[in-house]
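Engineer: Take a look at the following structure, please.
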Amino acid sequence: MPLSPPQPPQREPYYSDVEMYGWARRDCAINLIATLARWCNPPVAFKGNAAGRIWHFIGDYKDRAQLLFTTEEGAGTIELTIADNDWVRADVFMGEALILRAWIEDPYEEKEFWPDNGDGVGEAPGRISKRGRWLQIETARFPGAASSTTGFWIVEDASD
């Protein structure tokens, strides 16, 4: 299913380090990408609604990263970049097909993410645990997300 042109939530992303330390939002977005990439280096096996492995493809970029993964459905990539308004954009590909896009922020211990053109209001429909041990997506809010009988798509570290 093709996605529309990228459209982050209309509000500014929330990064707790802006309030706590006075950091620039762009620096916080760079740090968020580094954190997400670090969680996948060394590679991590995951289980749940999908099973497989994810790892960070090492590059010399501080403002973007590429995560590679394999599942029983095939191989894919997650491209992490920073939008002009300082949201971290995650484009998820299976093979060459873009299947899901999310906009990530770091409001407190858990990372939160929103679909394209999400309102950014209330509880986020996507979350990643504070140490990257699990990820949860409310499938109805993300076009392209795999369906689930519970309405949520969840993966977690297989070592847990």
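The values are calculated or read from the model by the stated rules, or taken from the named source; none is laboratory data. Keep in mind that this is a model prediction, so the values were computed, not measured. No Cβ is skipped: glycine too gets one built from the backbone with ideal geometry, and neighbour counts run over all protein chains shown.
Engineer: What pairs can you find where one residue is in the range 80-92 and surrounded by fewer than 16 Cβ atoms within 10 Å (Cβ to Cβ), the other is part of a strand (DSSP E or B), and their Cβ atoms are less than 7 Å apart, with a gap of 6+ or different chains?
Structural biologist: Cβ pairs passing all conditions: A83/R89.
Engineer: Any residue in the range 133-160 that is exposed (fewer than 13 other Cβ atoms within 10 Å of the Cβ) sitting within a Cβ distance under 9 Å of a residue that is part of a loop (DSSP other than H, G, I, E, B) and basic (K, R)? List the pairs, counting only those 6 or more apart or interchain.
Structural biologist: If the second residue must be part of a loop (DSSP other than H, G, I, E, B) and basic (K, R), the pairs left are S159/R133; D160/R133.
Engineer: Name the residue, out of P5, P9, P42, that is part of a loop (DSSP other than H, G, I, E, B), surrounded by 18 or more Cβ atoms within 10 Å (Cβ to Cβ) and not aliphatic (A, V, I, L, M).
Structural biologist: On the way: P5 fails: surrounded by 18 or more Cβ atoms within 10 Å (Cβ to Cβ); P42 fails: surrounded by 18 or more Cβ atoms within 10 Å (Cβ to Cβ).
It is P9.
Engineer: Step by step: first the residues of the range 86-101, then only those that are aliphatic (A, V, I, L, M) and touching a Gly at 6+ places or on another chain (Cβ under 7 Å), then the one that is farthest from P13 (Cα to Cα). Which residue is that?
Structural biologist: Of the range 86-101, the ones aliphatic (A, V, I, L, M) are 88, 90, 92, 94, 97-100.
When the remaining residues are screened for being touching a Gly at 6+ places or on another chain (Cβ under 7 Å), the result is 92, 94, 99-100.
Details: V92: 20, M94: 27, I99: 23, L100: 19 Å.
Restricting to residues being aliphatic (A, V, I, L, M) and touching a Gly at 6+ places or on another chain (Cβ under 7 Å), the top hit is M94.
Engineer: Another question, then. Can you name the number of the only condition in (1) closer than 21 Å to W114 by Cβ; (2) outside any strand (DSSP E or B); (3) in contact (Cβ under 8 Å) with a residue 12 or more places away in the chain that V18 fails?
Structural biologist: Among (1) closer than 21 Å to W114 by Cβ; (2) outside any strand (DSSP E or B); (3) in contact (Cβ under 8 Å) with a residue 12 or more places away in the chain, V18 violates only (3).
Engineer: Give the number of residues within the range 48-67 that are in a loop (DSSP other than H, G, I, E, B) and touching a helix residue (DSSP H, G or I) at 6+ places or on another chain (Cβ under 6 Å). Can you show your working first?
Structural biologist: In the first step, residues of the range 48-67 are kept if they are in a loop (DSSP other than H, G, I, E, B); the result is 49-51, 58-64.
This time we only want the ones that are touching a helix residue (DSSP H, G or I) at 6+ places or on another chain (Cβ under 6 Å), so: 62-63.
Looking only at that region, the number is 2.
Engineer: Just the residues that are out of contact with any helix residue (DSSP H, G or I) (no Cβ under 6 Å at 6 or more places or on another chain) and either aliphatic (A, V, I, L, M) or surrounded by fewer than 13 Cβ atoms within 10 Å (Cβ to Cβ) (or both), please, taken from the range 108-122.
Structural biologist: Hits for the range 108-122 are E109, D119, V121, G122.
Each row is one residue, and each column tells you yes or no for (1) within 14 Å of the chain's Cα centre (by Cα); (2) under 18 Å from Y14 (Cβ atoms); (3) part of a strand (DSSP E or B).
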site: I78; (1), (2), (3): yes, no, yes
site: D84; (1), (2), (3): no, yes, no
site: W103; (1), (2), (3): yes, yes, yes
site: R127; (1), (2), (3): yes, yes, yes
site: A145; (1), (2), (3): yes, no, no
site: T150; (1), (2), (3): no, no, no
site: W153; (1), (2), (3): yes, no, yes
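So that you can scan it fast, the table gives a plain yes or no per residue for (1) touching a Pro at 6+ places or on another chain (Cβ under 8 Å); (2) within 24 Å of D27 (Cα to Cα); (3) at pLDDT below 95:
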| site | (1), (2), (3) |
| --- | --- |
| V44 | no, no, no |
| W55 | yes, yes, no |
| F69 | no, no, no |
| F93 | no, no, no |
| E96 | no, no, yes |
| E105 | yes, yes, no |
| Y108 | no, yes, yes |
| N117 | yes, yes, yes |
